[in-house]
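Before any comments, here is the structure.
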Amino acid sequence: MSKFGNIVRVAKEVGGKTYTFRSKLEYRWAVWCQLRKEDGIIIDWWFEDEDTLLELETAYHGNIKKYLPDFTIQTTEGYEYEETKGYFPPKDYTKMKLATEQYENPITLIFASLIDHSKNAKVRAQYDRAKRLEPYLKRVIYDAKETIFKPIKGLFDL
């Protein structure tokens, strides 16, 4: 692991390839993607695949935002995006909202643990943003730490 600012980068091998993840959440989600691939639930997955860099038109004339989803998932129905978030600022909300409006690929938003009854105003604001975005997404996972990672915790080597 290496630290860059307040971000702890994690270099790990998943599915025979070595990746540098920006968080443990990204690493754990990659392991979950690989498990789904090996079980035949998905066909394949890619982490920050440059081929899926999305150009999003904004309300400002001629202004383009770039959005690179964390994970691109290939299913029998096509391609989907999966975005992991440890922190969910307004600018990320805007990018994801624009992506849902301008592209047909379904998006899943994943949090390790984001609760709606936090006493912390910043956490509540992040939760509120996710709730507002929910109707446009395939789904939002607010508790991946408990519902997904806990049952497979033996597969992580950190």
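Matching residues to (1) at pLDDT 95 or above; (2) under 12 Å from the mean Cα position of the chain (by Cα):
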| site | (1), (2) |
| --- | --- |
| I43 | yes, no |
| Y60 | no, no |
| G78 | yes, no |
| K85 | yes, yes |
| T94 | no, no |
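Among the residues of segment 34-87, those that are within 18 Å of G15 (Cα to Cα) and out of contact with any strand residue (DSSP E or B) (no Cβ under 9 Å at 6 or more places or on another chain) comprise L35, E38, D39, G40, T75.
So that you can scan it fast, the table gives a plain yes or no per residue for (1) surrounded by fewer than 16 Cβ atoms within 10 Å (Cβ to Cβ); (2) over 15 Å from the mean Cα position of the chain (by Cα); (3) assigned to a loop (DSSP other than H, G, I, E, B); (4) among the polar types (S, T, N, Q):
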position	(1), (2), (3), (4)
K97	no, no, no, no
E101	yes, yes, no, no
I110	no, no, no, no
H117	yes, yes, yes, no
D128	yes, yes, no, no
L133	no, no, no, no
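You will find that of D39, D143, D70, the residue that is closer than 23 Å to L155 by Cβ, out of contact with any Gly (no Cβ under 9 Å at 6 or more places or on another chain), exposed (fewer than 14 other Cβ atoms within 10 Å of the Cβ) and charged (D, E, K, R) is D39 and no other.
If you go through segment 42-66 and keep only what is in a helix (DSSP H, G or I) and surrounded by 13 or more Cβ atoms within 10 Å (Cβ to Cβ), you end up with just T52.
Of all residues in segment 110-140, those that are out of contact with any helix residue (DSSP H, G or I) (no Cβ under 6 Å at 6 or more places or on another chain) and among the acidic types (D, E) total 2.
The values are calculated or read from the model by the stated rules, or taken from the named source; none is laboratory data. Not measured: the values here are computed from a predicted model. With ideal geometry, Cβ positions are generated from the backbone for all residues, glycine too; neighbour counts draw on all protein chains shown.
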